[in-house]
Amino acid sequence: MPTIEVRFASGARTDCVIEPGALQRLPALCAGAGLGGTPGLLCDARVLSLHRDALLPLGEHLGDPIGRAVSEARKTLPEVEAMCEALTARGVGRDGYVVAIGGGVLTDLAGLAAALYMRGVPWVSVPSTLLAQVDAGLGGKTGANLSAGKNLIGAFHQPRLVICDPLLLATLPSRERWSGLAEVVKCALLEGGDLLQRCERDLERAAAGEAEALAPLVEGAVRLKARIVAADEREGGQRAFLNLGHTVGHALEAATGYTHFSHGEAVALGLRGMLALCDGMPERDRALRLVERIRIAAGSGLDSGQREAALQAMRRDKKVRRGGVRFVLLERIGTPVLREASAEDCARALAAALA
Ligand SMILES: NC(=O)c1ccc[n+]([C@@H]2O[C@H](COP(=O)([O-])OP(=O)(O)OC[C@H]3O[C@@H](n4cnc5c(N)ncnc54)[C@H](O)[C@@H]3O)[C@@H](O)[C@H]2O)c1
Ligand SMILES: [Zn+2]
């Protein structure tokens, strides 16, 4: 059983357990991590209905799961407050803890609830989508949306444990699995080596939900993220590399109102755009071949108004500094670099993403 131990400069520590069937060991893992007091088990209502048989027995040790019908549209502060109310009703005290089972929306909200409840109680993240396992679970960023934009409120609050059970992913719609795989491919390009080879070999099997193919990909992506966030807990340096493919990706999502592309689809197209700017990169064709295998269910045709909106979004991207857009590029596979990109570069990347 791979357990990845991450120690942060703040003194916080997160243990990540990645193992098919890990969910069943959740009470023992919590006890082993020294978590005591009354727990509050917050659960994505959809996951609760799909995995009832696996989740209800956990109630014996963790209290009955508290189902929350969350969605990106309801990723708001009132939902965080409702979660906190449910924790008080459950009798969770200062010495208690929160367990969050669900996609990235649920874990971001429940992590924020844990950060605020009684001025902060420990929490355990059990991400149930591939995207959340490889990205949202580890790193301590919690948050909610404002009408002005996504994740505009939040807190850093490191989970004590991250439990990734690839068996949970069997019920994910295929498009959600592909969305998570785009982030795995991003990690493979940042890392190279074994993770890249596994992606090249097993991408379609993983997309079909085979736990044996998924587990090592989740582990490889989590190991990479663990290394990066341990060195950069509060996002001042290396964490920027995790934005590979995201400058164009975010712009595509914003220009299409966050409804047309899944996040991973936008990232996959963003990776194509990024590669177009990596002039002289060795093995660029190899990288492109892998990226082009990521299935994109949404049509990638954008009208001229949307293309213009995407270019404007890139200029507004939070990495904009002194008039330049900061792109993460690859010098080679495994070696990311930050570069200022001109307006012309942005247009070239967008055209390549949508070609
Ligand atoms: N904190 C971070 O560092 C971080 C990183 C990346 C993304 N995020 C956040 O994560 C969110 C996206 O996460 P997501 O892609 O998991 O979306 P999500 O939480 O909306 O889940 C997608 C859908 O899948 C359902 N679902 C969850 N688990 C399932 C399962 N096992 N089987 C079937 N259906 C299941 C959910 O109910 C939902 O309908 C965004 O809000 C984003 O901001 C946070
Ligand atoms: Zn992403």
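The values are calculated or read from the model by the stated rules, or taken from the named source; none is laboratory data. For clarity, every value in this text was computed on a predicted model and none was experimentally measured. As a convention, Cβ positions derive from the backbone with ideal geometry for all residues, glycine included, and neighbour counts pool all protein chains shown. When the accessible area is computed, the model is the full protein with side chains, heavy atoms only, and any ligands, DNA or RNA have been set aside. Shrake-Rupley method; radii C 1.70, N 1.55, O 1.52, S 1.80 Å.
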Would you call LEU329 closer than 15 Å to LEU252 by Cα and crowded, with 18+ Cβ neighbours inside 10 Å? no
Conditions (1) at positive phi; (2) open to solvent by 30 Å² or more (accessible area, probe 1.4 Å); (3) in contact with a Lys or Arg (Cβ under 9 Å, 6 or more places away or on another chain) -> PRO2 fails only (1)
Inside segment 64-93, can you point out the residues that are free of Cβ contacts under 8 Å to residues at least 40 places away in the same chain and assigned to a loop (DSSP other than H, G, I, E, B)? ASP64, PRO65, ALA69, VAL70, SER71
Based on what the data block shows, is LEU302 in a helix (DSSP H, G or I) and more than 23 Å from ASP135 (Cβ to Cβ)? no
With the condition kept exactly as written, say whether any residue in segment 44-57 is touching a Pro at 6+ places or on another chain (Cβ under 6 Å) and more than 18 Å from ALA132 (Cα to Cα). yes
Restricting attention to segment 238-264, report how many residues are near ligand 2 (Cβ under 9 Å from one of its atoms) and more than 9 Å from PHE327 (Cα to Cα). 5
The lone exception for GLY237 - which of (1) open to solvent by 10 Å² or more (accessible area, probe 1.4 Å); (2) in contact (Cβ under 8 Å) with a residue 40 or more places away in the chain it fails: (2)
Filtered residue count, segment 279-309, keeping only those that are over 23 Å from ALA206 (Cα atoms) and touching a residue at least 60 places away in the same chain (Cβ under 8 Å): 0
Long-range neighbours under 9 Å by Cβ, at least six apart or interchain, first residue of a type in the set (Ser, Thr, Tyr) within segment 314-340, second outside any strand (DSSP E or B) and at pLDDT 95 or above: THR335/LEU190; THR335/GLY192
Whether any residue in segment 214-231 is assigned by TED's automatic domain parsing to the domain that holds GLY299, assigned to a loop (DSSP other than H, G, I, E, B) and in contact with a Gly (Cβ under 9 Å, 6 or more places away or on another chain) is what I want to check. no
The strands (runs of 3 or more DSSP E) lying wholly within segment 114-194 that contain at least 1 residues that are crowded, with 24+ Cβ neighbours inside 10 Å are 123-127, 141-146, 161-164
